[in-house]
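What follows is a short report on a single structure.
The values are calculated or read from the model by the stated rules, or taken from the named source; none is laboratory data. It should be emphasised that the depicted structure is a prediction, and the values quoted were computed from it without experimental measurement. Because the Cβ atoms are built from the backbone with ideal geometry, glycine has one as well, and the counts that use them run over all protein chains shown. What goes into the accessible areas is simple: the full protein's heavy atoms, side chains included, and nothing from ligands, DNA or RNA. Shrake-Rupley method; radii C 1.70, N 1.55, O 1.52, S 1.80 Å.
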Amino acid sequence: MPHHPIKGLMNATPPQVPMVNNLTLVRLVLASAVIWSHSIWRITGADTNDPTVWLMGEPVSSFAVDGFFFLSGFLVYNSLLRRGSAWDFLLARLARLWPGLAVAVLVMVTAGFFIAGLPLSEYLSGDTARFIASNLSLVKGHYTLSGIGTESAPITINGSLWTIPWEMRCYLVLFLAALLRLSGRERVVALLLVPTLLFAIVAHLPAFQALAGGDPSRGALYNLMLFDRLWSMFALGIAALIFWPWLHRRLSWRVALLALVALALSVHFFPIPHLAGLVTGYCVLCAGFRTGTAAARWPDYSYGMYIYAFPVMMAIAAVAPSHSAPLLALLTAVGTVPLAALSWHFVEHPVLRHVRERRRARKEARA
């Protein structure tokens, strides 16, 4: 019987991703890219003024968010394969996502109380109550606090939180697959990746967009396009992990450069849906595994940078107004690093270490 290379990969032992890599640095670069685009938005009123839009069709923050979701699918599915337990997997994901977010929400709500100048009972109702409940439930984001804003509209306190519920939804898909014993690589390809590919194709057909509402700025089409974008990147990361034994030997900066040129040409001459996602994922892997291992032992401040940078930027812009996006981005990064460091060393890492130790103790007890 002829050897089938794809089936061979499915039946092989779980992919061995090098534990020593530069992915911590990659995540920091992605978080910094989000700061850059947000600073342009704060100064000019639109992130479409980011020079990356003219060259690559999207602000650099869009590529950064896509990169985060790609890396998440790549690493999280690897974690699920190693753990072999749906509940262990879900606990590990919640331990990574929720404690740092909970402390960040507490910090923002506390700081907002002193800024709003409202009685405590009034401040904790309305927008503040929705901010706490929505963000901590991981169901949907809410971005304003009571009493902080102009007469015409509240001020967005943390616009970056919109991606976190989507991240949790991606985790839940894998959790349910594991719970139903459908998380093996062959079943994931058949039941998750192939349908994702088909939906990604159909979602960009004019007939589908007309049926879904036609206006991508609101309604069902907006959420479908977000699903198509974010879940597709997460699923692409899963696919990269599944085919890692084949893929890692084909990572090349020369290919990455050619892919970036092709993307730039595509934006201006022949738009290709999801080409940006494919190029982003490939470049992320090149940056993580073809740039040495200098960041292998660095603490991972990227999550803290992501969840604190927006409110830090808004505070700096309010206290020291500037017309320079690069200056605002630099000040935001400098101001966010201490908060990210505190979050990692006193919240995120201790919780993760505790979860690992409990899991190790349970394994030893069973043994």
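Quick notes on this one:
- Selection of helices (runs of 4 or more DSSP H) fully inside segment 237-320 by the criterion of at least 3 residues being out of contact with any Phe, Trp or Tyr (no Cβ under 6 Å at 6 or more places or on another chain) and within 21 Å of residue 200 (Cα to Cα) returns 253-269, 275-289.
- Test: residue in segment 117-138 that is of a type in the set (Val, Ile, Thr) and without any contact (Cβ under 8 Å) to a residue 12 or more places away in the chain: no
- Residue check for residue 174: open to solvent by less than 50 Å² (accessible area, probe 1.4 Å) and not β-branched (Val, Ile, Thr): yes
- Residue check for residue 65: at pLDDT 95 or above and either open to solvent by 30 Å² or more (accessible area, probe 1.4 Å) or over 19 Å from residue 227 (Cβ atoms) (or both): no
- Hits in segment 40-68 - residues which are of a type in the set (Gly, Ala, Ser) and closer than 29 Å to residue 292 by Cβ: 61, 62, 64, 67
- Annotation note: of 240, 235, 259, 296, the sole residue that is open to solvent by 20 Å² or more (accessible area, probe 1.4 Å), modelled with pLDDT of 95 or more and not charged (D, E, K, R) is 259.
- Scanning segment 177-196 for residues that are without any contact (Cβ under 8 Å) to a residue 12 or more places away in the chain and either under 22 Å from residue 275 (Cβ atoms) or of a type in the set (A, V, I, L, M, F, W, C) (or both) yields 180, 182, 190, 194, 195.
- The set of residues from segment 41-53 being at pLDDT 90 or above and surrounded by fewer than 18 Cβ atoms within 10 Å (Cβ to Cβ) comprises just one member, 44.
- Close Cβ contacts (under 8 Å, 6 or more residues apart or on different chains) running from residues in segment 77-89 that are under 22 Å from residue 236 (Cβ atoms) to residues that are hydrophobic (A, V, I, L, M, F, W, C) and outside any helix (DSSP H, G or I) comprise 78/17.
- Residue count for segment 134-155, restricted to those that are surrounded by fewer than 18 Cβ atoms within 10 Å (Cβ to Cβ) and either hydrophobic (A, V, I, L, M, F, W, C) or at positive phi (or both): 5
Yes/no per residue for (1) closer than 17 Å to residue 306 by Cβ; (2) open to solvent by 20 Å² or more (accessible area, probe 1.4 Å); (3) of a type in the set (Gly, Ala, Ser):
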position	(1), (2), (3)
132	no, yes, no
157	yes, yes, no
167	yes, yes, no
170	yes, no, no
184	no, yes, yes
194	no, yes, no
